[in-house]
1. Looking at Val66, is it of a type in the set (A, V, I, L, M) and either in a helix (DSSP H, G or I) or without any contact (Cβ under 8 Å) to a residue 24 or more places away in the chain (or both)?
2. For the stretch 15-43, name all the residues that are assigned to a helix (DSSP H, G or I) and not hydrophobic (A, V, I, L, M, F, W, C).
3. Condition check: at positive phi, modelled with pLDDT under 75 and surrounded by 15 or more Cβ atoms within 10 Å (Cβ to Cβ). Does Gly333 satisfy that?
4. Could you tell me which residue of the stretch 173-206 is modelled with the lowest pLDDT, considering only residues that are more than 23 Å from Asp220 (Cβ to Cβ) and of a type in the set (S, T, N, Q)?
5. For the stretch 205-227: of the residues being closer than 23 Å to Lys176 by Cβ and charged (D, E, K, R), which is most open to solvent (accessible area, probe 1.4 Å)?
6. If Ala244 satisfies every condition in (1) under 14 Å from Lys323 (Cα atoms); (2) at pLDDT 60 or above but one, which is the exception?
7. Among the residues of the stretch 46-56, how many are loosely packed, with under 14 Cβ neighbours inside 10 Å and not small (Gly, Ala, Ser)?
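The values are calculated or read from the model by the stated rules, or taken from the named source; none is laboratory data. Fair warning: this is a prediction, and the values are worked out from it, not measured in the lab. Heads up, the Cβs are rebuilt from the backbone with ideal geometry, glycines too, and the neighbour counts pull from every protein chain shown. Note: areas computed on protein heavy atoms with side chains; ligands, DNA, RNA excluded. Shrake-Rupley method; radii C 1.70, N 1.55, O 1.52, S 1.80 Å.
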Amino acid sequence: MTSNTTTDTETVSHLLKLDAIRIYEKFQSLCPALSYEEANQLRDNILSDGEFREPLIVWKSEGILVDGHNRFNVWRNLTDEQRQRIAPPRIKQLEFSDRDAVHDWIINNQIGRRNVAPSQRAYLVGKLYNSQKKNDKDFLMRGTERQESPEGQIVPPGNTAERIGNEVGMSGKQVKRDAKYAEAVDKLADNLGPEVRDELLTAKKVSKDRAVEIAALPADQQKAEYERAMGRGEPSGGTSFNPAEWGGMEPVADPVVPDDTVTDYHVKEMQAPYREVQKHATAMKKAIGNLSSGPGGAWCNPNAMQDIMTCYTNLMNTINYRKPVAVCGYCNGKKCDRYYQTGALNKDQTQALAEGLSATGQATAGVQQAV
């Protein structure tokens, strides 16, 4: 891929001081950020090696860092004592015609690395396409107006998606899909904060299609939908209930009383059908997750899928809320009498469980044990 690099010279660090290097956020955003653990590991490796193995790449005429942002951050955060133990990073200066050339060089460099995650690679490929699709002169700059695709077909001049696809080993259609993903990531980062970009590209919780769907929502709805997609925030797309309000707080007229002595075995025995339901419900959740990725997904827009998942969540809350337990969830068995329809054994049975007493006939008529 074309980088428009005109000069390639490696210099010793004193010719360009490290503290004079400038950071350009748009270039930095193209370089995958490290997690806290990965950053610590990189620092430890550098200290162990006694040097920075790879030089920092700097745009010569502008003094802007092009590659090595993570290594540069390690250097800046080292203590004076640690810096004395190792050699400072070397600096390699390259010259570029303009910022677009730097932009494409960074992407090409990142795509070629083996440790780039699939979502990061898709984002970079999409950014490259969005950068170059406006101008088809790059075909002429490559010295050819015709190029064969991997299938042996002739790619017409100006077909940017097919050309980039040939270079990175994917179809032109996939390149265009990655372009939509890159646009969605940038849009969400602009609206919700730059940290969203790193989260989307590293967390592996939100699919590319889901990111595009969220970015297509009105700006005031994106935050809530993004938080739900990340497994945070409140469910939506349906009516959510407080389990304590389901069915009211009235005592059950005919409470279930275990025979003989209340033991942990009795509790587990009463929980058995609930555990069986939860087992099947977990399988159902997996099946629900496959709906949007299969042919039937065309019938399920994000709101419809959220409706389904809200119903599922309410189902699981209902089951968990009524599963028999020995201690009240409100007060941990210490003082309150709010046992109605909570799934907790009534006070007499809880006490019998603690003391190993006979529970037969001990249940108070006005207090229930919900099952």
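1. Criteria not met by Val66.
2. Result: Asp19, Glu25, Lys26, Gln28, Tyr36, Glu37, Glu38, Asn40, Gln41, Arg43.
3. Yes, satisfied.
4. Thr202
5. Going through the qualifying residues, I end up with Asp209.
6. (2)
7. So the answer is 4.
To keep it simple, each residue is scored yes or no on (1) in contact with a helix residue (DSSP H, G or I) (Cβ under 8 Å, 6 or more places away or on another chain); (2) open to solvent by 40 Å² or more (accessible area, probe 1.4 Å).
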position: Ala20; (1), (2): no, yes
position: Ile23; (1), (2): yes, yes
position: Glu37; (1), (2): no, yes
position: Asp44; (1), (2): no, yes
position: Val58; (1), (2): no, no
position: Gly68; (1), (2): no, no
position: Arg76; (1), (2): no, yes
position: Gln84; (1), (2): no, yes
